[in-house]
Amino acid sequence: MELIDGEDYYLDKSGLLVFTEKYLLQRGTCCGNGCRHCPYNYMNVSETTRSKLLSLRQDEKAGT
């Protein structure tokens, strides 16, 4: 499967490749790497890291 820039991934301002939620949904499960747009609420990430990521996600939604 060929990845499509802007649809499956994008490069952030630091130049890192970031997968989109659409792409991650197509993959079918959480990989455990703490992906920025994980649609699975980081279910396979270690608990300490998972809690931090979920907190950061809430802060972003709240605009803080």
Count charges around GLY32 for me, please; just the other residues with Cβ under 13 Å from its Cβ, Lys/Arg as +1, Asp/Glu as -1. +1
A correct Kirkwood calculation over the Cα atoms of the chain returns a hydrodynamic radius in Å of 12.6
Can you tell me which of 29-36, 53-60 comes out highest on packing, and rank the rest after it, using the mean Cβ neighbours within 10 Å? 29-36, 53-60
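FYI, it's all coordinate maths here, none of it is from the lab. Model, not experiment: these values are computed from the prediction. Here Cβ is always computed from backbone atoms with ideal geometry, including for glycine, and neighbour counts include all displayed protein chains.
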